[in-house]
Amino acid sequence: FRLDGDGRILDCKGGTHGDLLLPPEAMVGRRIQRIPGCAAGTIFRRAIERVRETNAQVSIAYWLHVAGKDSYYEARLLPVLEDQIIVIVRNNTERKLAVDEIARQRTFLRQVIDLNPNIIFAKDRQGRFTLANQATANAYGTTVENLMGRTDADFNSDAGQVEHFRRDDLEVMDSLRDKLVPEDRLTDATGRVRWLQTIKRPIISADGTASQVLGVATDITQRKLAEENLRRRNTQ
């Protein structure tokens, strides 16, 4: 679109029938902020005012209900000579829907791992958490967000346990083989020692190396306590 300083359309080129509320020839002479007749009109009006105030490019995003469906757009408004504005509009619907679908899938996967009672995590070669579920955060008395980029040493005061975890992680990444750890001790946020049975797997990149390890740990504390009680009774 080519507009005058008040937003009146002087010319309109390109686009498709599905993107325009009116034929191009019917839009000439109308103010662009009045054609949508919805929130998009207000967005255009404010953008035109900003362009006039700053004499600089302004970018906006808006949506329209066109041809029975919602369509999403991005527009750039550029000031030009003679108090005119050029508006370049791009239909962004496919990308917007794809981004929304990715966000939906991420939310779903987050719900899946957070509902899992097992401790699920991924770490890089420096031992920093790159993934963690709610059970992992609960064990360390923190939040999932707070775990990201930090290490076991930031939450676990037992240096021996931390070093043991790190050796196992590096072994899995270096060997590119799974490792089952039948019994691991973890000191949780309350200072209580919990027993875990952990499977660790390398996350292999396209180049055949592994820079991260995935771990899934099942809490076997109750089983360990039961076994210890049984041993004491047998000894008696």
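Computed from the coordinates by the stated procedures, all read-outs in this text should not be read as laboratory data. Just so it is clear, the model here is predicted, and its values are computed rather than measured. Backbone-built Cβ (ideal geometry, glycine too); neighbour counts: all protein chains shown.
Measure out, as a whole number of angstrom, how far apart the alpha-carbon centroids of the stretch 147-204 and the stretch 34-103 sit.
50
Roughly what percent of Cα-Cα pairs across the chain reach past 33 Å?
50
For the stretch 117-163, take N as its residue count and report Rg(C-alpha) divided by 2.2 N^0.38 Å.
1.04
Which of these, L225, L214, L81, has the largest mean-square fluctuation under a Gaussian network model of the chain (Cα springs below 10 Å)?
Ranking L225, L214, L81 by mean-square fluctuation puts L81 first.
Based solely on its DSSP helices, what 222 nm [θ] is calculated for the chain when runs of n ≥ 4 H residues each add -39,500 (n - 2.57) and the sum is averaged over all residues, nearest 500 deg cm²/dmol?
Computed ellipticity for the chain at 222 nm equals -11000 deg cm²/dmol.
What do you get for Rg/Rh of the stretch 96-143 when both radii come from the Cα atoms and Rh is the Kirkwood radius?
Rg divided by Rh gives 1.08.
For the chain, with a Gaussian network of springs between Cα atoms less than 10 Å apart, report the residue from A217, A159, A26 with the top mean-square fluctuation.
Taking springs between Cα atoms under 10 Å, the residue moving most is A26.
Rounded to whole Hz and in sequence order, give me ³J(HN,Hα) for the stretch 134-141 from the Karplus expression 6.51 cos²θ - 1.76 cosθ + 1.60, θ = phi - 60°, writing x for Gly and Pro.
5, 4, 5, 4, 4, 4, 9, x
Straight-line reach from K13: which aspartates and glutamates fall under 15 Å, measuring Cα to Cα and dropping same-chain residues less than 8 apart?
Cross-link targets: E25.
Give me the orientation-averaged projected area of the Cα convex hull of the stretch 143-236, in nm², one decimal.
Across all orientations, the stretch 143-236 yields a mean hull projection of 7.7 nm².
Starting from the Cα of K224, draw a straight line to each of the lysines and keep only those under 25 Å, dropping any in the same chain fewer than 8 residues away.
In chain and number order, the partners are K179, K200.
Quick one: which residues, 5+ away or cross-chain, put their amide H under 5 Å from the amide H of T187? H built at 1.01 Å from N.
Here the answer is R194, since their amide H atoms fall under 5 Å of that of T187.
To the nearest 10 degrees, how steep is helix 221-235 against the longest Cα principal axis of the chain, on a 0 to 90 scale?
Roughly 10 degrees between the two axes.
Sticking to Cα atoms, compute the Rg of the stretch 1-141 to one decimal and its Dmax as the biggest Cα-Cα distance, whole number, in Å.
Values for the stretch 1-141 (Cα only, Rg and Dmax): 22.8, 67 Å.
Less than 14 Å Cβ to Cβ from S175, Lys/Arg counted +1 and Asp/Glu -1: what total charge do the surrounding residues give?
Here the charged neighbours net out to +1.
GluC sites (Glu not before Pro) within the stretch 53-153: which are DSSP loop residues with at most 14 other Cβ atoms inside 10 Å?
E82
Using the alpha-carbon atoms, what tilt in degrees (0 to 90, nearest 10) does helix 159-175 show relative to the longest principal axis of the chain?
70
Pick from R150, R185, R52: which residue has the top mean-square fluctuation in a GNM of the chain where Cα pairs under 10 Å get a spring?
R52
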